[in-house]
Amino acid sequence: MESVPAQLRQVLSELLSESLRNPLPAHTPRRVSGRTRFSGKVTAVVGMRRAGKTTFLHQLRRERTLEGEAPFHAPYLSFEDDRLTGLETRHLDLLLNEYDRLAPPGPDTATMWCFDEVHLVPGWERFVRRLLDTRNVEVFVSGSSAALLSREIATALRGRAWQVLIHPFSFEEALLHQGVAVPVETERLAREERVHLERVFSAWLGTGGFPEAQSLDALSRQQLLRDYVDVAILRDVVERHSVSNVTGLRWLVRQLLGNAGGLFSVEKFHAVVKSQGLAIARDTVHRFLGYLEDCFLVRVVWMESGSERQRMVNPRKVYPVDTGLIPLFDRTGRANVGHALETAVLVELERRRLDVTYVRTRKGYEVDFLVRSADGRRELIQVCADASDPVTAEREVRALEAAGETFPDARKLLLTLHRDGIPPELPNDVVAKPAYIWVLE
């Protein structure tokens, strides 16, 4: 191993020693759909900054100790520590040497290495691959960019990766964080319980799910979330991709986050900013949208189509990754409950690892989501905060029925904000329920 600067050697040794010695932090447990580990593969934990990826790594370490393993079998290292500036892949062998020195001898139990924000070390993937090939280990890495991790994993780890997506708190996780009991039988709630749960759900839509924002007053929460957005723009987009047109990027962010669930067309956006005297190329707008999706600030839903060309030429629907971001950029003064509800449903579908598109029928009717599960089942989901008005109900159901002609095997589901928003009469093939019941199922 090439020589390691003395200061880096000391810092790495201290950080590793602390992770093996210090008690594991206690946090609200995260609920993740599907597997969190896969034998012989690296688990890549990805998601928006401050969504809880580090907490999830510590949760996995805690689960390991609850299974009877000693804490020294789950070392953790965060590469965001400013004292590790200048760290290179060739320095990482020191970690293995220090671990061998600090960990007491024992049975040949797999060591669970957790590397937080590992992408900050150039060439990290080569070290991880060698670690998998030469030692009895499990490896978990985290990062704030899906594209970065995916590209590096694809080229260097050659299919030996398993991705876990961490979004901000779901409604259930927010309840657990607040110490509120999660109802087991949501369909049989007493009226008082239902009203309370509906009130808490509405408040959660406004607060959002970022863990640090849960107990803050509105002003402090908005400042915190605005800082999150600024850091994502500057560090995950501008610095990482060497963006020079920061003004155009910020215009795009305001447009996307201020119109949650709205149809977005690169052509129309380009025409608007051009009319305002801002020079930005269409291809640049495409790239910026990709960067913002890659760092999880926004989520993009494509129109359902068997033709790739049709998918590309039709507008996309764009959502913030968290409902708490919506009020930061909205200029209409409206409550935006419907947009927040639709955003919450989409993010929940992503948590469940489902494939999501939106549907536009030949007659121009639109259904918010067409959902495909791994076993091939399909579901058409329409989101409407209040469908109790007959005119509103007729419009929402008509779109579901029209889309059902194209997807006859798909279950039809209408989600409302509260139980009082459900239409009194529905076709037999349409199921309606409050969204808070659906997200807790």
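If the condition is being over 15 Å from ILE233 (Cα atoms) and assigned to a loop (DSSP other than H, G, I, E, B), then the stretch 279-324 contributes ALA279, ILE280, ALA281, TRP302, GLU304, SER305, GLY306, SER307, ASN314, PRO315, ASP322.
Pick out the one residue from LEU12, LEU8, LEU24 that is modelled with pLDDT under 90, over 30 Å from ARG351 (Cα atoms) and surrounded by 15 or more Cβ atoms within 10 Å (Cβ to Cβ).
LEU8
With respect to THR416, determine if the residue is crowded, with 19+ Cβ neighbours inside 10 Å, touching a Cys at 6+ places or on another chain (Cβ under 9 Å), closer than 21 Å to LEU197 by Cβ and of a type in the set (Val, Ile, Thr). It is true that THR416 is crowded, with 19+ Cβ neighbours inside 10 Å, touching a Cys at 6+ places or on another chain (Cβ under 9 Å), closer than 21 Å to LEU197 by Cβ and of a type in the set (Val, Ile, Thr). Filter the stretch 64-88 for residues that are in a helix (DSSP H, G or I) and at pLDDT 90 or above and give the result. Those that are in a helix (DSSP H, G or I) and at pLDDT 90 or above: ASP82, ARG83, LEU84. Looking across the stretch 226-259, just one residue is of a type in the set (Ser, Thr, Tyr) and either in contact with a His (Cβ under 9 Å, 6 or more places away or on another chain) or buried (at least 20 other Cβ atoms within 10 Å of the Cβ) (or both), and that is TYR228. Counting only residues that are closer than 16 Å to PRO427 by Cβ and either in contact with an Asp or Glu (Cβ under 7 Å, 6 or more places away or on another chain) or assigned to a helix (DSSP H, G or I) (or both), the stretch 370-398 holds 12 of them. The set of residues in the stretch 350-384 being surrounded by fewer than 21 Cβ atoms within 10 Å (Cβ to Cβ), touching a strand residue (DSSP E or B) at 6+ places or on another chain (Cβ under 7 Å), of a type outside the set (Lys, Arg) and more than 29 Å from TRP162 (Cα to Cα) consists of GLU366 alone. Looking across the stretch 184-225 at every residue that is of a type in the set (Asp, Glu) and under 20 Å from THR323 (Cβ atoms), the one that is surrounded by the most Cβ atoms within 10 Å (Cβ to Cβ) is identified as GLU198.
If you go through the stretch 204-220 and keep only what is assigned to a helix (DSSP H, G or I) and touching a helix residue (DSSP H, G or I) at 6+ places or on another chain (Cβ under 9 Å), you end up with TRP204, LEU205, GLY206, THR207, PRO211, GLU212, ALA213, ALA218, SER220. If you take the residues in the stretch 399-410 that are in a loop (DSSP other than H, G, I, E, B) and without any contact (Cβ under 8 Å) to a residue 40 or more places away in the chain, which one is farthest from ARG351 (Cα to Cα)? Here the answer is PRO408. Would you mind stating whether LEU225 is at pLDDT 95 or above, under 22 Å from LEU328 (Cα atoms), in contact with a Ser or Thr (Cβ under 7 Å, 6 or more places away or on another chain) and assigned to a helix (DSSP H, G or I)? When the stated conditions are applied, LEU225 does not pass them.
Looking across ARG64, ARG50, ARG30, one residue alone is surrounded by 18 or more Cβ atoms within 10 Å (Cβ to Cβ), touching a His at 6+ places or on another chain (Cβ under 8 Å) and of a type in the set (Lys, Arg). It is ARG64. If the condition is being within 30 Å of ILE233 (Cα to Cα) and aliphatic (A, V, I, L, M), then the stretch 115-146 contributes VAL118, LEU120, VAL121, VAL128, VAL139, VAL141, ALA146. Pairing residues of the stretch 415-427 that are closer than 17 Å to ARG398 by Cβ and assigned by TED's automatic domain parsing to the domain that holds VAL371 with residues that are among the hydroxyl-bearing types (Ser, Thr, Tyr) and surrounded by 19 or more Cβ atoms within 10 Å (Cβ to Cβ), at Cβ distances under 9 Å and at least 6 apart in sequence or on separate chains, gives ILE422/THR416; PRO423/THR416. Among the residues here, LEU346 qualifies as under 26 Å from THR36 (Cβ atoms) and not in a strand (DSSP E or B).
The values are calculated or read from the model by the stated rules, or taken from the named source; none is laboratory data. A quick note: this is a predicted structure, and the numbers were derived from the prediction, not measured. Because the Cβ atoms are built from the backbone with ideal geometry, glycine has one as well, and the counts that use them run over all protein chains shown.
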